[in-house]
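The values are calculated or read from the model by the stated rules, or taken from the named source; none is laboratory data. These figures come from a predicted structure and were not determined experimentally. Here Cβ is always computed from backbone atoms with ideal geometry, including for glycine, and neighbour counts include all displayed protein chains. Note: areas computed on protein heavy atoms with side chains; ligands, DNA, RNA excluded. Shrake-Rupley method; radii C 1.70, N 1.55, O 1.52, S 1.80 Å.
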Amino acid sequence: MGKVYVVVGAGFRGFCDTLQLIGEPGAKIHMVDREPFFGGISCSGKVKDFWVDKGVHMFDGIPRELADNVTEVMGGQVRTIDFVSMSAFNGHLTDGFSLPDLSSLPEDTKNRITAELKLLAADAGKGSPEPRHLRGLLQARYGATAGGIFAGIFQSIYDIDASLVQPDALSKTSLGRLKHLDDPLMLALKASDPFLDAVLAARRQALGKVDELVSIYPDTGQAMRGWCLRARKWLEDRGVAMCLGQGIGSIESTGGKLRLKTGAHTIDADRIIWTNDNTQALAGLLGFDFDTHDWISGTPMLFAMLITKADHIKDFTYLQNFNSGSKTYRTACAGIYSGQIDADGNSFVTCECPTPIDSERWNNHHEAHHAIWQECKALGIVSPDAELTGHAVMRLPSTFKLAKLGYDEKIREFQAELGRRMRGVIFRDVKPFFRRDIYLDSLKVRDLVNA
């Protein structure tokens, strides 16, 4: 007889872990989530007669085997996303590049950056201590000048100093590589040293094909909600029991099993896999106090959805705006790549706008669309004569959650106490951020549950 598993959390991480567990012979899997829908943050909501993702939630740069699974779940109803990215920095736009492009800086600044990079390359491998925080990592990768510029960009987007977060916060940002020269010069500099090759970038069109990753999106006209609905049914068809809209009342050990109770179900499981970051809830269920809230920085954001004629929207995927003092950070032509154009020819763009809580713009968010729309025009996202025919602006108090200094130590404390209290409850590492990283991390879940 196979083992019984409970996966707590019906978001993408829960899906990936469940995907691995259903391959175990005889396994019986229950998915539990307090929300009444499958997919977590990926499940799009209806706004102004369109289905809208709260952010950019496409299957971007995922391994082929995951893309094949998504395509199977969707019954073939997916579209390939041919990325047309842009970025803005220092008042300049760069097509085909989504990271900060520092090539518009003065020549003496760029020369200083190059000189600092060559010094770092010469010292690579000589046993320098690991950086304690993100600011130190940025300087260790890019030198004092470019590292300082990137630290400033980081603070303007995430509303926290880079010296207050762990170095691995880099993996959740768009600061993972540096470009400060034109493509031919960047390629020559990359080729001159292995260290430089690892930290420098050029536009993808200059690099050519660099990996076997693919990018796809559901093609049902319901945005990511289309995948969420079909993924739930796909799992149910393979015997996964969905317990959605149910909070967990208790977890206890009994007869060698873990007994989990919701308002409607009692499940005796061999393992419970906790796939969300609510350490406070899990600790409370097991009888101790613990909360990582003070060790996580969540970026407050206004999320704007702006409706205009589809033919007035630039043919692009998304733009990341690193201009100082900008209102928008990431703007996507979400209505276009999700295949949503209404009978009047309207579609929409979405804008993620980091905004401090209790700032004037936060408190007057219903009026924020005016300035956001004008910035979209200035960036060329919509044409100069485009008219705003509808909008919605939402306040999201905590997005892009980053680990502050001390987070890993607190999690180790939590894991140790978890092991003392109740073996068989597995708290999954919630730090992987991009879908490919979450999926690759899920490949080890069968080893974890059988350890």
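Across segment 46-58, the qualifying residues are those that are touching a strand residue (DSSP E or B) at 6+ places or on another chain (Cβ under 8 Å), touching a residue at least 60 places away in the same chain (Cβ under 8 Å) and not aromatic (Phe, Trp, Tyr), and the one among them that is surrounded by the fewest Cβ atoms within 10 Å (Cβ to Cβ) is Lys48. Based on what the data block shows, is Gly14 on the phi > 0 side of the Ramachandran plot, touching a residue at least 40 places away in the same chain (Cβ under 8 Å) and surrounded by 19 or more Cβ atoms within 10 Å (Cβ to Cβ)? No; evaluated as a whole, the condition is false for this residue. In the set (1) touching a Phe, Trp or Tyr at 6+ places or on another chain (Cβ under 8 Å); (2) polar (S, T, N, Q); (3) modelled with pLDDT of 95 or more, Thr71 fails one condition alone, (1). Name every residue in segment 264-295 that is under 17 Å from Thr18 (Cβ atoms) and of a type in the set (S, T, N, Q), in order of residue number. Hits for segment 264-295 are Thr275, Asn276.
Among the residues here, Val382 does not qualify as over 23 Å from the mean Cα position of the chain (by Cα), over 17 Å from Thr328 (Cα atoms) and in contact (Cβ under 8 Å) with a residue 40 or more places away in the chain. Hey, does segment 271-281 have a residue that's polar (S, T, N, Q), in contact with a helix residue (DSSP H, G or I) (Cβ under 9 Å, 6 or more places away or on another chain) and surrounded by fewer than 21 Cβ atoms within 10 Å (Cβ to Cβ)? Yes: segment 271-281 contains one or more residues that are polar (S, T, N, Q), in contact with a helix residue (DSSP H, G or I) (Cβ under 9 Å, 6 or more places away or on another chain) and surrounded by fewer than 21 Cβ atoms within 10 Å (Cβ to Cβ). Hey, can you tell me all the residues within segment 334-353 that are among the β-branched types (Val, Ile, Thr) and more than 18 Å from the chain's Cα centre (by Cα)? Across segment 334-353, the qualifying residues are Ile336, Ile341, Val349. Applying a threshold of 9 Å to beta carbon distances and a minimum spacing of six or more residues, or different chains, the list of pairs starting in segment 425-450 at a residue that is at pLDDT below 90 and ending at one that is small (Gly, Ala, Ser) and open to solvent by 30 Å² or more (accessible area, probe 1.4 Å) reads Lys431/Ser171; Pro432/Ser171; Phe433/Ser171; Phe434/Ser171. Do we have any residue at all in segment 190-201 that's open to solvent by 40 Å² or more (accessible area, probe 1.4 Å), under 24 Å from the mean Cα position of the chain (by Cα), under 30 Å from Ile41 (Cβ atoms) and not β-branched (Val, Ile, Thr)? There is no residue in segment 190-201 that is open to solvent by 40 Å² or more (accessible area, probe 1.4 Å), under 24 Å from the mean Cα position of the chain (by Cα), under 30 Å from Ile41 (Cβ atoms) and not β-branched (Val, Ile, Thr).
So, of the residues in segment 61-85 that are under 30 Å from Leu105 (Cα atoms) and over 18 Å from the mean Cα position of the chain (by Cα), which turns out to be most open to solvent (accessible area, probe 1.4 Å)? Ranking the candidates gives Asp82 first. Return a yes/no flag: does segment 26-42 have any residue that is closer than 27 Å to Thr299 by Cβ, free of Cβ contacts under 8 Å to residues at least 12 places away in the same chain and among the basic types (Lys, Arg). No, because not a single residue in segment 26-42 is closer than 27 Å to Thr299 by Cβ, free of Cβ contacts under 8 Å to residues at least 12 places away in the same chain and among the basic types (Lys, Arg).
With the condition kept exactly as written, say whether any residue in segment 109-126 is at pLDDT 95 or above, over 20 Å from Leu187 (Cα atoms) and open to solvent by 40 Å² or more (accessible area, probe 1.4 Å). No. Is it the case, given these coordinates, that Ser297 is more than 30 Å from Ile29 (Cβ to Cβ), out of contact with any Lys or Arg (no Cβ under 7 Å at 6 or more places or on another chain) and touching a residue at least 12 places away in the same chain (Cβ under 8 Å)? Against the criterion (more than 30 Å from Ile29 (Cβ to Cβ), out of contact with any Lys or Arg (no Cβ under 7 Å at 6 or more places or on another chain) and touching a residue at least 12 places away in the same chain (Cβ under 8 Å)), Ser297 does not qualify. Being of a type in the set (S, T, N, Q), more than 30 Å from Val78 (Cβ to Cβ) and touching a Gly at 6+ places or on another chain (Cβ under 8 Å) is a property that does not hold for Gln280.
Only a single criterion out of (1) under 26 Å from Asp294 (Cα atoms); (2) touching a helix residue (DSSP H, G or I) at 6+ places or on another chain (Cβ under 6 Å); (3) not in a helix (DSSP H, G or I) is not satisfied by Phe150, namely (3).
Consider Gly424 carefully, then state whether it is open to solvent by 20 Å² or more (accessible area, probe 1.4 Å) and over 30 Å from Ser215 (Cα atoms). Step through it out loud before you land on a result.
Values: open to solvent by 20 Å² or more (accessible area, probe 1.4 Å): no; over 30 Å from Ser215 (Cα atoms): yes.
Against the criterion (open to solvent by 20 Å² or more (accessible area, probe 1.4 Å) and over 30 Å from Ser215 (Cα atoms)), Gly424 does not qualify.
Return yes or no: is Thr94 out of contact with any Lys or Arg (no Cβ under 8 Å at 6 or more places or on another chain) and hydroxyl-bearing (Ser, Thr, Tyr)? No, not satisfied.
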